Amino acid sequence: MRTRARLHNLAHPALLPLRRLLVVSRPALWINTVGTLVTGVWLTGRLYTLDPGVLALLLYLILPFNLLIYGLNDLSDREEDARSSRKGGWQGARLTVAEGGPLLTATLAINLPALVLLAVLLPPAASLLLAVSAVLFAAYSLPPLRLKGRPFLDGLSNVAYALPLALPALALGTAVPWWPLLALMAYAVGKHAFDAAQDIPADREAGTRTVATVLGVRGTAAYALAWFAVAGALLLPVSLLTAAALWLTCGGMAVALLRDPTPQRAACLYPLSIVTPWIVGAVAGVGLVYLLARGLWTGI
């Protein structure tokens, strides 16, 4: 009887409750996908669009896409996460062995139909870009590529976070905002390295090689600072104020880590890293508010 029950459980894994799926998707980090898409809509000049493809993208980039990003990551990093003191709360789930199968099933069941639907609603270029982003996130976590364990490629693959910025332009047939897109790519690479500094002890113990384990905390801080400097420079043609905000917040936390290069200091600075998109985004929004107040914004 017990053997039969085990076989039944393997063939029909228990479903994870929605609350658990929400924890895995890390709602505190949804700003990285939803905020990027909304910014992209703003840059098209059609902030209040009712385009069905864009609205479907907005819904997809909330729970489903974040479940794809972090669900696959948590499945692959179970060993490292078990050693990480920051997992098990708002910074990420600590999965049990029994949750692995149900989580993978839920992730695929939610994402695959959604991607097919979006392929119908969106123009081919937008569908392709969304697929590239999804593949990069999957390749970051899953074998055989598992880019997380390939130093420098791990961070470079995080340009996937920036790609939703271009989706509204491709969906609505407007110009791609190249300067903000390239700036966000550089920011994503730097942020990945900075955030990985706190995980150096756990990653080294698990035998996972990352850009941070290779460079050490000081080298990682300098590497992240260089990418933040590039990101700010790429924003200069668009907004001096936004570039300054990025340099002050992201550059400031990288300098703070350089002055005290320890994983503990990186962990203390991590909450600031989490809110940097909110801070820089809020500053960027000043331009929108100005245009709205002057009545100069067209296409709304």
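Working note: Karplus 6.51/-1.76/1.60 with θ = phi - 60° gives the stretch 104-119 the couplings 4, 4, 5, 4, 5, 5, 7, 7, 4, x, 5, 5, 5, 4, 5, 5 Hz, where Gly and Pro are set to x. Below 8 Å, C-alpha to C-alpha, sequence gap of six or more: please give me the relative contact order for the chain in percent. Contact order relative to length: 18 percent.
If you average the C-alpha positions of the stretch 169-230 and of the stretch 239-259 separately, how far apart do those two centres end up, in angstrom? Their Cα centres are 14 Å away from one another.
Rounded to whole numbers, the Karplus 3J(HN,Hα) couplings from phi for the stretch 255-266 are 5, 4, 6, 4, 6, 9, x, 10, x, 5, 5, 4 Hz, using 6.51 cos²θ - 1.76 cosθ + 1.60 with θ = phi - 60°, and x at Gly and Pro.
Only Lys, Arg, Asp and Glu carry charge here, each on its Cβ (+1 for the first two, -1 for the last two); on that basis the chain has a dipole of about 500 debye about its Cα centre.
Sequentially through the stretch 207-214, phi angles give Karplus couplings (6.51, -1.76, 1.60; θ = phi - 60°) of x, 8, 8, 10, 4, 6, 5, 6 Hz, Gly and Pro residues having no value and appearing as x. Between the beta carbons of ARG218 and ILE31, assuming R0 = 45 Å, the FRET efficiency works out to 0.95 to the nearest 0.05. Averaging the sequence gap over all C-alpha pairs within less than 8 Å and six or more residues apart, then dividing by the number of residues, gives the stretch 142-240 a relative contact order of 33 percent.
One chain, two ends: LEU112 and TRP178. Fully extended at 0.36 nm per residue, the span grows by 20.9 nm beyond their Cα-Cα distance. Full extension of the chain between ALA256 and TRP278 yields a length gain of 5.9 nm, computed as 0.36 nm times the residue separation minus the alpha carbon distance.
Each stretch of four or more DSSP H residues adds -39500 (n - 2.57); spread over every residue of the chain, this sum gives -21500 deg cm²/dmol at 222 nm. Across every pair of non-identical alpha carbons in the chain, the mean reciprocal distance, once inverted, gives a Kirkwood radius of 20.1 Å.
Heavy-atom accessible surface of the stretch 198-291, averaged per residue, reaches 46 Å², computed with a 1.4 Å probe. Considering only LEU117, LEU172, GLY232, and ranking their Cα positions along the charge dipole of the chain that arises from unit charges at the beta-carbon of Lys, Arg, Asp and Glu, the one farthest toward the positive end is LEU117. Here VAL135 and THR105 are evaluated by their C-beta separation; at R0 = 30 Å the FRET efficiency comes out at 0.90.
Our estimate of slack between LEU22 and ARG146, defined as 0.36 nm per intervening residue step minus the Cα-Cα distance, is 42.2 nm. Put a dot 7 Å past each Cα toward the Cβ at THR96 and ALA119; how far apart are the dots in nm? Going by the 7 Å Cα→Cβ label model, 3.6 nm.
Over the C-alpha atoms of the stretch 84-199, the Rg to Rh ratio, Rh being the Kirkwood estimate, stands at 1.01.
The values are calculated or read from the model by the stated rules, or taken from the named source; none is laboratory data. Since the model is a prediction, treat every value here as computed from it, not as a measurement. Here Cβ is always computed from backbone atoms with ideal geometry, including for glycine, and neighbour counts include all displayed protein chains. Note: areas computed on protein heavy atoms with side chains; ligands, DNA, RNA excluded. Shrake-Rupley method; radii C 1.70, N 1.55, O 1.52, S 1.80 Å.
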